[in-house]
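Asker: Sending over a structure as structure tokens; questions will come in a sec.
Any read-out appearing in this document is the output of simple, stated calculations on the displayed coordinates, not a laboratory observation. All values reported here derive from a predicted model rather than from experimental measurement. Reconstructed Cβ throughout: ideal geometry from the backbone, glycine too, with neighbour counts over all protein chains shown.
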Amino acid sequence: MMGPETASGFDPPLPSEVRASLPLSSSSSSSSSPSIYRSAVSSDPLLFPSSTSFSSSSSFVDPPSYADAVFRPVEPQNGIDSTSGNATASSRSGRASTSDYLEITVTDPQKENDSATSLVPGGGAYVTYLITTRVRVAATAYSVRRRFRDVVTLADRLAESYRGFFIPIRPDKNVVESQVMQKHEFVEQRRDALEKYLQRLAAHPVVGSSEELRVFLRAQGKLPLSPTTDVASRMLDGAVRLPKQLFGDGAYGSVAPQEAVQPARGGRDLLRMFKELKQSVTNDWGGTRPLLVEEDKEFLERKGKIQELALQLNATSEQAEALVKAQHDTGEALGELGLAFIKLIKLENDEAIYVSQRVGAANTKILATAAVKASRFYRELNSQTIKHLDTLHEYMGLMLSIRNAFSERSDALLTVQTLLSDLTSLHARADKLEAASARVFGRDDSRIQKLEEIRRTIKVTEDAKDCATREYEKIKENNRNELERFDNERHDDFLSMLRGLAINQAGYFEKIADVWGTVARETSHYAKENC
């Protein structure tokens, strides 16, 4: 930089953080600079940053007046409280205003130890987070401490209770969590991910009003929701039940009505899993039409469009990343250019003999100032671009939620198809036994007992089929409502994203154009001299 430094020559390039706070002024050079430079620079907060200037990479540069006239930002029709900034970020198109929650924050991660659950010293360490919730109907805030395992329990309970809904995907559990838990970056990333996840749950019109979420956010002490059994335990229980289902009473092999409303995957019922797998293979390769098929043509068409949208979102995300990288690279290049000019100015001032050399250095300083200012505008623009494109990445995550909801619909249909196939087989067995008994003279108690057993199994299976059918119809209705909501919100969200992106692009590029326009005006005498 300029000033009374003793070092001279070309030093290595400074980091971008140093360039961001570069004042571009010194007492030794300002006195010899032309007055036109001082008037252009002294009033510029970019070159003389105050304690608040550039304190955050997310500060706005006011868009120009013409941008406000051409690009009208989309304002939510039912806006959320302006004090709830983070809720607004996760709840777009004004839909957060219908939520029961004004604000949800996740802060203050603390490491705790549970020596009772670990035989290795320090192996029971985990992190808890302070979750603070402000609700609309109460003036007070609720604060609870939860660990990530509690979030997993909440997600599992919501998945079981709200099948067919587009439930936001919870953050993944890290397989090497115990090794990386000590790192501040990991804890901070998880804290941010949990906050966004809970805000998305609260913004959902159905899940946001659920009892499970209310208990999670408000109940003091240990989470009262019972955790779901892990996959290994369920598989073990299923393996224990399997021999009884295969060789025991026929009732063991039937599906209970209360179990038919949940998917077979996960090891709850291994025999049912095998039956549904067989049914799935028969549907795909058997050449026979199932007794019940997906006949909703409108749903199948919209499902295909959702798949196309997912591909378009992935392609758009790649282009968005290219845009962000290009803006970042341009800002860095301008910053490097400005720094190179500054070093050139220093060299010129240190070695200057004639007045013309100092005047040339002052004019070069105009270019250096403009390059650094433009670099900072590009960084500000990039920060706002990333914020606006967050809508795009939220919808990429939503595609996973939609895929899960569609999978639940397919699973429910497969359960009904399997139970219908079971009923067909059971009725065939019963008819065969009745025909065999009719041909035998006298009473055959063993056949009668077996026939009664089959009839009981048919009754249980009929009840299970009815429950599974009702569950399937409920999931279909949930899918239908969610798709309608998705179509309405998608239009508003992407329109808001594109308009906001356009406003910021126009505003920042006019500011950048003004910077270089000032350079052109202040150096216009060179063009006049050459004419």
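Asker: Using the Cα centre of the stretch 421-475 as origin and beta-carbon charges of +1 (Lys, Arg) and -1 (Asp, Glu), tell me which of Ile458, Leu433, Ile475 is placed farthest towards the positive end of the dipole.
Answerer: Selected residue: Leu433.
Asker: Suppose every Lys and Arg Cβ carries +1 and every Asp and Glu Cβ carries -1, with no other charges. What dipole size does the stretch 471-510 come out with about its Cα centre, to the nearest 20 debye?
Answerer: Dipole size: approximately 80 debye.
Asker: What is the sum of charges around Leu313, taking Lys and Arg as +1, Asp and Glu as -1, for the other residues whose C-beta is under 14 Å from the C-beta of Leu313?
Answerer: -3
Asker: Ok, one more. Which links in Lys196/Lys511; Lys297/Lys476; Lys387/Lys511; Lys173/Lys196; Lys343/Lys511 stretch past 23 Å when you go from one Cα to the other?
Answerer: Lys196/Lys511; Lys343/Lys511
Asker: Could you tell me the center-to-center distance, by alpha carbons, between the stretch 370-409 and the stretch 475-519 in angstrom?
Answerer: Here the two parts' Cα centres lie 10 Å apart.
Asker: If each residue of separation counts as 0.36 nm, what is the full-extension length gain between His427 and Ala125 once their alpha-carbon separation is subtracted?
Answerer: Length gained, His427 through Ala125: 103.1 nm.
Asker: Magnitude of the Cβ-charge dipole of the stretch 433-490, K/R +1 and D/E -1, about the Cα centre, nearest 20 debye?
Answerer: It works out to roughly 300 debye.
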